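Working notes, beginning with the structure itself.
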Amino acid sequence: MSERLVARDPAEHAMLAAELLARGIAEAVADRGVARVALSGGTTPSPAYQRLGALWLPFDRVDWFWVDERAVRPDSPRSNYGMAARALNLDGGSRGRVHRMVGEGDLADQARSYEELLRQTFGIAAAVAFDAMVLGIGEDGHTASLFPGTGAAAIADRLVAAIGPQHDRGIEGRLTLTAPVILEARFAVVLARGASKRDAVSAALSSGSEDEVPARILRRAKGRVVWVLDREATPSD
Ligand code: 6PG
């Protein structure tokens, strides 16, 4: 059963998300000596990452990973790595270990490389269970880079998938964690703001086809899921 927090304004939305993540990181470090965090991109998380970066964190115990990445260079304005690294000020090297998803080059090779990194980090036989994960939701109901009508939400034979470009939707190629990894996360915050997201949030919280609304996979999450919304993105139900 997921939880829902409704922020009164953008500043509170960022603060709620940042404080939830900071608590998840601190608890992971206290329990296991390390916090492995997977970050989504897009635009919504940036203020939350800026707030998170301004909090006291055991940065030296944090490993930063990405939920997905676009097939762009890290210095591209579309880069999920670039957005998060700037907002969290990760580039100096003193704020944890940064494991960038490499969107350049052959996506299938890069997906295999990132999967190997996850296996090495979490252990071959252990579940790849991130301590904290940040997810968003698109107006079309996608989360990570699991887009509707593509079958991506059902990929379960790998940890990281290469998603081909969808030229008709203006979407470049992607790398993305797959549903099994997303569902294994100990704690996930799902960030959504604005009226344009309300229908997608409502659909994601309802039962139905996961290929139609990939964010519905979160209804099967093993860990704690907190939707951090604003009033406009909150379904009226
Ligand atoms: C991406 C993100 C994606 C994002 C949603 C929402 O690469 O685009 O990882 O899953 O969370 O598209 O994006 P906005 O926050 O920009 O609305």
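Observations, loosely collected:
- In this structure the amide hydrogen of G149, modeled in the peptide plane, comes within under 5 Å of the amide hydrogens of E212, none closer than 5 places in sequence on its chain.
- Loop-located GluC sites (Glu not before Pro) in segment 43-128 whose Cβ has at most 16 other Cβ within 10 Å (DSSP): E104
- Relative contact order (%) - criterion: Cα under 8 Å, at least six apart; region: segment 67-216: 27 percent
- Counting only DSSP beta bridges whose two residues both lie in the chain, roughly 30 percent are antiparallel.
- The local environment of V128, defined by Cβ-Cβ distances under 13 Å, has a net charge of 0 under the rule Lys, Arg +1 and Asp, Glu -1.
- Global geometry of segment 128-237, whether rounded, prolate or oblate, following the gyration tensor of its Cα atoms and the 1.5 cut on a/c: oblate
- Across every direction, the projection of the convex hull enclosing the Cα atoms of the chain has a mean area of 11.9 nm².
- Net charge over other residues, Cβ less than 15 angstrom from the Cβ of Q166 (K, R count +1; D, E count -1): -2
- Relative contact order of segment 10-117, defined on C-alpha pairs under 8 angstrom at six or more residues apart (%): 25 percent
- Summary value for segment 183-237: 55 percent relative contact order, contacts being C-alpha pairs under 8 angstrom separated by 6+ residues.
- For W227, the amide hydrogen comes within under 5 Å of the amide hydrogens of E3, R4, L5, V190, counting only partners 5 or more places away or on other chains and with H modelled in the peptide plane.
- For segment 65-148: rounded, prolate or oblate by the Cα gyration tensor [a/c cutoff 1.5]: rounded
- From phi via Karplus (6.51, -1.76, 1.60), per-residue ³J(HN,Hα) for segment 154-170 in Hz, x at Gly/Pro: 9, 5, 9, 9, 7, 8, 10, 10, 9, 10, x, x, 10, 4, 5, 9, x
- The string of couplings for segment 182-198 from the Karplus curve (6.51, -1.76, 1.60, θ = phi - 60°) is 4, 6, 7, 4, 5, 8, 10, 10, 10, 9, 8, 9, x, 4, 5, 9, 4 Hz, one whole number per residue in order, with x for Gly and Pro.
- Of the trypsin sites (Lys or Arg not before Pro) in segment 1-62, the ones in a loop by DSSP (not H, G, I, E or B) with at most 13 other beta carbons within 10 Å are R8.
- Per-residue 3J(HN,Hα) values for segment 90-98, derived from phi via the Karplus relation 6.51 cos²θ - 1.76 cosθ + 1.60 with θ = phi - 60°, read 8, 6, x, x, 9, 10, x, 8, 9 Hz in sequence order (x marks Gly and Pro).
Coordinate-derived values only; no laboratory data. Predicted model only: the values in this text are computed from it and were never measured. Using ideal geometry, Cβ is built from the backbone for each residue, glycine included, and neighbour counts are taken over all protein chains shown.
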